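Asks: Can you keep this structure in mind? I'll have questions shortly.
The values are calculated or read from the model by the stated rules, or taken from the named source; none is laboratory data. Bear in mind the structure is a predicted one, so any value in this text is a computation, not a measurement. Using ideal geometry, Cβ is built from the backbone for each residue, glycine included, and neighbour counts are taken over all protein chains shown.
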Amino acid sequence: MKQLSAATAPSLPGRRRSPAKALAGSIRNVVLAVYSLLTLYPLYWLFVSAFKTNQEFFQHPYSLPLKPVLANITRAWELGHMGRAMVNSAIVSVIALALTLLLAALPAFVLSRYNFRLKGPILAFLLLGMLIPIHSTLVPLFIMLNRIGMLDTYGALILPYTAFELSISIFIISAYMSSIPKEIEEAALIDGMGYWGVLFRLMLPLAAPALATVAILAFLRYWNEFAFALVFINSQALKTLPLSLTIFSDGFGTDYGLTMAAMAVAVVPTIVVYLIFQEQIMKGMVAGAVKG
């Protein structure tokens, strides 16, 4: 009887998709496919243009290279000192990212799990930090860093990067932690786990999707940031990757082949980081969507 029911289940009227729903689903898939292609096209154009000469770049800007110029990559790497610049960007981005996650997770845990008198003013203060235009602080930051002797150091980038990223990071992590049932935390406390244990052994692993979302967003900002690096860094040995790309363009012209090759090399680490964290990011984006 069970086998008969299972065999006849697909033929039930309620199990069939109506033609209207099937058509709507097909249209949705087509729209999403077109949108995906439009989104990926700039990346495709960048990598294709990286192997063209300047002449071919202007004559056939959208076609595949007739004869790929592999030397563009090696010349861009050598002329732009991209190896050293990539190491500098990695040092600044990784340290700033570690500080951001640590300093954002601590207040996010308190704001999401406890109620106290100053909670409202603290949230308003964090919101105010999100409303301040970052680049409007270039001059006062330059003066302050100059007075304390921190200009032209890694710290001149790491500390401002971390400070300006904390507000949005705390909001993201706090919002996710608020969705975690408090019964889990209470059970851990009853079992003898302290507050630090609850944070590092329980809450942070459960909030991994939010931490991954903060990590990828912060890393992209740190890796691609240009204005602070341009103003606060003067030494050639400390220049970050965005600064190294400016060597291929001057007041008289731009070598587009080398510029595209350098940009293609610079974008690879961001793609790798996103591929590593994409599953956690998707979990963070849909968290709470299935709650009834």
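Asks: Please find, among ILE91, ILE95, the residue that is in contact (Cβ under 8 Å) with a residue 60 or more places away in the chain, surrounded by 16 or more Cβ atoms within 10 Å (Cβ to Cβ) and within 25 Å of the chain's Cα centre (by Cα).
Replies: After applying the criteria, what remains is ILE95.
Asks: Do the conditions hold for ARG113, that is, is it among the charged types (D, E, K, R), crowded, with 16+ Cβ neighbours inside 10 Å and under 30 Å from ASP255 (Cα atoms)?
Replies: no
Asks: Further, regarding this structure: Exactly one condition in (1) in a helix (DSSP H, G or I); (2) within 20 Å of TYR222 (Cβ to Cβ) is not met by ILE143; state its number.
Replies: Going through (1) in a helix (DSSP H, G or I); (2) within 20 Å of TYR222 (Cβ to Cβ) one by one, ILE143 breaks only (2).
Asks: Still on this structure, please answer the following. Only one of (1) of a type outside the set (Ser, Thr, Tyr); (2) modelled with pLDDT of 85 or more; (3) over 28 Å from GLN236 (Cβ atoms); (4) in a loop (DSSP other than H, G, I, E, B) is not met by MET193, so which one is it?
Replies: The single condition MET193 does not satisfy is (2).
Asks: Sort out which residues of the range 47-62 are surrounded by 11 or more Cβ atoms within 10 Å (Cβ to Cβ) and not hydrophobic (A, V, I, L, M, F, W, C), and write them in order of number.
Replies: Within the range 47-62, SER49, LYS52, THR53, ASN54, GLU56, GLN59, HIS60, PRO61 meet the criteria.
Asks: Moving to a separate point now. Please verify whether the range 39-46 includes one or more residues that are without any contact (Cβ under 8 Å) to a residue 12 or more places away in the chain, among the aliphatic types (A, V, I, L, M), assigned to a helix (DSSP H, G or I) and surrounded by fewer than 17 Cβ atoms within 10 Å (Cβ to Cβ).
Replies: Yes - at least one qualifying residue is present in the range 39-46.
Asks: For ALA124, state whether it is crowded, with 20+ Cβ neighbours inside 10 Å and either among the hydrophobic types (A, V, I, L, M, F, W, C) or in contact with a His (Cβ under 6 Å, 6 or more places away or on another chain) (or both).
Replies: no
Asks: Under 7 Å between Cβ atoms, which residue pairs at least 6 apart in sequence (or on different chains) link something in the range 231-250 that is closer than 13 Å to LEU151 by Cα and hydroxyl-bearing (Ser, Thr, Tyr) with a partner that is outside any helix (DSSP H, G or I) and at pLDDT 85 or above?
Replies: Listed pairs, sorted by first residue: SER235/ASP152.
Asks: Can you list the helices (runs of 4 or more DSSP H) lying wholly within the range 208-292 that have 1 or more residues being crowded, with 20+ Cβ neighbours inside 10 Å, modelled with pLDDT of 90 or more and touching a Pro at 6+ places or on another chain (Cβ under 8 Å)?
Replies: 208-224, 227-232
Asks: Which residues, taken from the range 127-158, are under 18 Å from ALA104 (Cα atoms), surrounded by 13 or more Cβ atoms within 10 Å (Cβ to Cβ) and without any contact (Cβ under 8 Å) to a residue 40 or more places away in the chain?
Replies: Once the filter is applied, which keeps residues that are under 18 Å from ALA104 (Cα atoms), surrounded by 13 or more Cβ atoms within 10 Å (Cβ to Cβ) and without any contact (Cβ under 8 Å) to a residue 40 or more places away in the chain, the range 127-158 yields only GLY129.
Asks: Going by what's in this entry, would TRP223 be described as out of contact with any Ser or Thr (no Cβ under 6 Å at 6 or more places or on another chain) and not acidic (Asp, Glu)?
Replies: no
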